[in-house]
There are 2 protein chains.
Amino acid sequence: MTHHRTTAAALLTAGSLMALGAMAADNAVPYPTNYRSWQHVKSMVIEEGHPLYASFGGIHHLYANLEAMKGYATGKFPDGSIIAFDLLEAMRADGAVSEGARKVLGVMVKDSKRFATTGGWGFEGFGGGTANQRVVGDKAASACYACHTAQAGSDYVFSKARD
Amino acid sequence: MTHHRTTAAALLTAGSLMALGAMAADNAVPYPTNYRSWQHVKSMVIEEGHPLYASFGGIHHLYANLEAMKGYATGKFPDGSIIAFDLLEAMRADGAVSEGARKVLGVMVKDSKRFATTGGWGFEGFGGGTANQRVVGDKAASACYACHTAQAGSDYVFSKARD
């Protein structure tokens with residue numbers, strides 16, 4: 001009986017850990033494999049002297065999947081919306097700014113239940129654009145959401161769609 | 001009879017003019033209505049001091065339809081390929097370069113028969129991105145193709161696709 005109890009307790013513990021692991025995996029923001037074929041929303045260059053230079057210096061492009069495009073149009077992003085913030089080195093030479101290597105791929109994914117504590121959005125950054133280089137992880141609340149709260153009126157999204 | 005001959009001549013002339021009109025219309029490059037949803041290929045900022053500043057100063061984005069994406073991959077663009085060169089004002093302020101109003105939408109469309117004299121490509125520019133403001137018209141050979149011949153080795157296309 002003792003043996004059985006120990007085994008049961010061990011299984012329970014293992015089961016709980018697996019459940020926690022599953023929860024963590026469920027809350028992981030997937031790498032958006034095909035984002036480069038999504039609609040290009042807008043772009044911007046951030047240079048030395050800009051307050052966000054340390055984090056976001058370079059040229060960035062925003063891409064949105066079809067659900068997110070509905071969000072830009074209506075002001076309310078439906079679950080399933082994904083916005084990709086694609087940051088490349090900006091190389092200045094001979095009167096031109098050209099694109100260089102990818103610095104980071106930022107991703108916002110809307111799931112109002114899973115990410116209820118951060119405005120319904122999951123946030124992740126993929127260093128160098130590499131799928132397994134997660135640079136945000138469990139720090140989304142402080143590293144991302146804290147600034148995005150300023151945009152609560154537009155569902156926590158800074159960018160606006162343009163023609 | 002004189003009356004009939006005159007009428008026949010007048011009809012022949014009218015018919016010839018209509019044929020010429022139809023030819024001109026056939027060679028007109030259509031405005032690419034949905035290009036903003038095509039794949040974003042790459043971007044660049046051209047500033048004062050760059051040799052192309054007078055014509056192309058600002059921030060431009062290149063978009064390609066599916067046929068053109070095959071061309072970037074293979075080096076040979078199939079008929080039906082369309083590449084859009086979307087030039088916006090570049091507004092510099094506070095350490096950032098932001099997008100402004102659309103200056104011109106340049107378009108290349110591949111039709112190896114219709115545009116045989118300009119490398120198989122038809123060229124047009126739409127002033128302000130407005131469909132009826134054609135700024136190239138019948139001057140494609142001198143205004144566009146003359147420079148694009150430098151890229152004969154990549155089927156007259158300057159841009160390269162990137163990840």
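The table below gives the values:
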| item | result |
| --- | --- |
| Label geometry 7 Å along the beta-carbon vector: A:Ala161 inter-copy distances in nm | 2.6 |
| R0 of 25 Å, Cβ-Cβ distance B:Asp94-A:Glu89: FRET efficiency to nearest 0.05 | 0.75 |
| For the range B:24-91 and the range A:89-146, distance of Cα centres in Å | 27 |
| The range B:49-163, accessible area per residue, ligands and nucleic acids excluded (1.4 Å, Å²) | 49 |
| Carbon plus sulfur fraction of accessible area for the range B:92-139, probe 1.4 Å, in percent | 50 |
| Per-q log10 I(q)/I(0), the range A:28-163, q = 0.14, 0.16, 0.18 Å⁻¹ (Debye; single scatterer per alpha-carbon; no solvent) | -0.62, -0.82, -1.04 |
| Per-residue average of Cβ from other chains inside 10 Å of A:101-114 | 0 |
| Delta accessible area of at least 40 Å² on complex formation, residues of the range A:145-163, 1.4 Å probe, chain isolated as reference | A:Arg162, A:Asp163 |
| Partners for B:Lys76 among aspartates and glutamates (Cα-Cα distance below 18 Å; same-chain residues under 8 apart left out) | B:Glu67, B:Asp111, B:Asp155 |
| Heavy-atom accessible surface that B and A bury in contact, both chains counted, 1.4 Å, Å² to 100 | 2200 |
| Mean Cβ count within 10 Å, highest first, over the residues of peptides B:45-52, A:62-69 | A:62-69, B:45-52 |
| Within 10 Å of each Cβ in B:33-46, the average number of Cβ atoms from other chains | 5 |
| Estimated distance in nm for a label pair at A:Ala131 and A:Asn27, the labels positioned 7 Å out from Cα along Cα-to-Cβ | 2.3 |
| Loop-resident sites, the range B:31-61, for chymotrypsin sites (Phe, Trp or Tyr not before Pro), counting at most 13 other Cβ within 10 Å (DSSP) | none |
| Qualifying trypsin sites (Lys or Arg not before Pro) for the range B:105-134 [loop in DSSP, other Cβ within 10 Å: at most 15] | B:Lys113 |
| Per-copy distances of the B:Tyr53 label point, shortest first, in nm (7 angstrom along Cα→Cβ) | 2.2 |
| For A:47-57, mean number of other protein chain Cβ atoms within 10 Å | 2 |
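The values are calculated or read from the model by the stated rules, or taken from the named source; none is laboratory data. Treat the numbers as computed from the prediction; the structure is a model and nothing was measured. When we count neighbours, we look across all protein chains shown, and the Cβ atoms used for this are built from the backbone with ideal geometry, even at glycine. Surface areas here come from the heavy atoms of the whole protein model, side chains and all, with no ligands, DNA or RNA. Shrake-Rupley method; radii C 1.70, N 1.55, O 1.52, S 1.80 Å.
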